[in-house]
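Below: the structure, in structure tokens.
The values are calculated or read from the model by the stated rules, or taken from the named source; none is laboratory data. The structure presented is a predicted model; accordingly, all values stated were derived computationally and were not measured. Neighbour counts run over all protein chains shown; Cβ positions are idealised from the backbone, glycine included. Calculation scope for accessible area: heavy atoms of the full protein, side chains included, ligands and nucleic acids excluded. Shrake-Rupley method; radii C 1.70, N 1.55, O 1.52, S 1.80 Å.
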Amino acid sequence: AQTVTQSQPEMSVQEAETVTLSCTYDTSESDYYLFWYKQPPSRQMILVIRQEAYKQQNATENRFSVNFQKAAKSFSLKISDSQLGDAAMYFCAYRRGEGYDYGGSQGNLIFGKGTKLSVKP
Amino acid sequence: KAGVTQTPRYLIKTRGQQVTLSCSPISGHRSVSWYQQTPGQGLQFLFEYFSETQRNKGNFPGRFSGRQFSNSRSEMNVSTLELGDSALYLCASSQRQGVIYEQYFGPGTRLTVT
């Protein structure tokens, strides 16, 4: 079974600084996707960034970038120029690739326990 | 385009009762997934519906059930509520975008069982 581990329950960063959130995963599948989701206190889960396992290039979305190390099964999120609005729970998630789909299922996300990020002004 | 909506947003029930939660996906999305979020267990997958059929199911007891209607709206039902069912229930809808899979989440329904 696939598992996702986030070893940092809480992190803190100074406004305008850079912070890296860690995530490791375990899978025997070769085709999969990895995601970082943000859940602010309002509770609406928002997709931050995604990475396809077959792509070697690390995904980047504005101030958010990932360090995807497939062999090490590591998928960390770097937030640059941190802003007060970045304060939230961050969840790392795994989803198997389309090659494993059956019965029309689009698959489910497997989440880590989350990292609570605080941003200090 | 309107996002995923969930009703009600908050609910208080008593042990032994049953509850029905509703989810309306983004227009055009045909897949709806449900997740339970608790402080102890984190986010756990409940089930997924696609074209009115359950396609995938997580490891939850039979007290948890769901269905999907022809307009893709989905409901989940929990019978014989237990204190441990207190949680935030999140619904997510998706529609394939090429080979990219994205789930868009609703705001959730906060269920408290007393």
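Structural remarks
- A DSSP coil position with no more than 15 other Cβ atoms inside 10 Å describes the following GluC sites (Glu not before Pro) in segment B:30-84: B:E52, B:E82.
- In chain B, Cα pairs under 8 Å separated by at least six residues give a relative contact order of 36 percent.
- Backbone HN-Hα couplings from phi across segment A:31-44 [Karplus 6.51/-1.76/1.60, Hz, Gly and Pro as x]: 10, 6, 10, 10, 9, 10, 10, 10, 10, x, x, 5, 5, 6
- Considering every alpha-carbon pair of the protein assembly as shown, the percent of pairs per 5 Å bin, from zero through the bin containing the longest distance, is 1, 7, 14, 18, 19, 17, 13, 8, 4, 1, 0.
- Peptide B:28-35, shielding by other chains (average Cβ, 10 Å cutoff): 2
- Cβ-defined net charge surrounding B:R9, 14 Å radius [Lys, Arg +1; Asp, Glu -1]: +2
- Net charge of neighbours whose Cβ lies under 13 Å from the Cβ of B:E75, counting Lys and Arg as +1 and Asp and Glu as -1: +1
- Convex hull per residue volume in Å³, alpha carbons only, for segment B:43-114: 106 Å³
- All-pairs Cα distance distribution in segment A:1-111, expressed in whole percent, bin size 10 Å: 14, 47, 30, 9, 1
- Normalised by the number of residues in chain A, the mean separation of alpha-carbon contacts (under 8 Å, six or more apart) gives a relative contact order of 37 percent.
- Lysine pairs in the protein assembly as shown with Cα atoms under 19 Å, if 8 or more residues apart or on separate chains: 12
- For A:41-51, mean number of other protein chain Cβ atoms within 10 Å: 4
- The order of the peptides B:4-17, A:75-88 by mean Cβ neighbours within 10 Å, most packed first, is A:75-88, B:4-17.
- Cα centroid separation, segment B:64-96 to segment A:1-68 (Å): 26 Å
- Cβ-based net charge around A:Y90, under 15 Å, with every Lys or Arg adding one and every Asp or Glu removing one: +4
- Tensor-based shape of segment A:1-46 (alpha-carbon gyration tensor, a/c under 1.5 rounded, otherwise prolate or oblate): prolate
- Peptide B:38-45 has a mean shielding of 4, counted as Cβ atoms of other protein chains within 10 Å of each residue's Cβ.
- Going by accessible surface with a 1.4 Å probe and the largest first, A:R43, B:R55, B:R30 read B:R30, A:R43, B:R55.
- HN-Hα J in Hz across segment B:72-81 - Karplus 6.51, -1.76, 1.60, θ = phi - 60°, x for Gly and Pro: 6, 4, 10, 10, 10, 10, 10, 9, 6, 4
- Charges were assigned to the Cβ only: +1 to each Lys and Arg, -1 to each Asp and Glu. The resulting dipole of chain A about its Cα centre is roughly 160 debye.
- Probe 1.4 Å - accessible area at B:S65, Å² to nearest ten: 50 Å²
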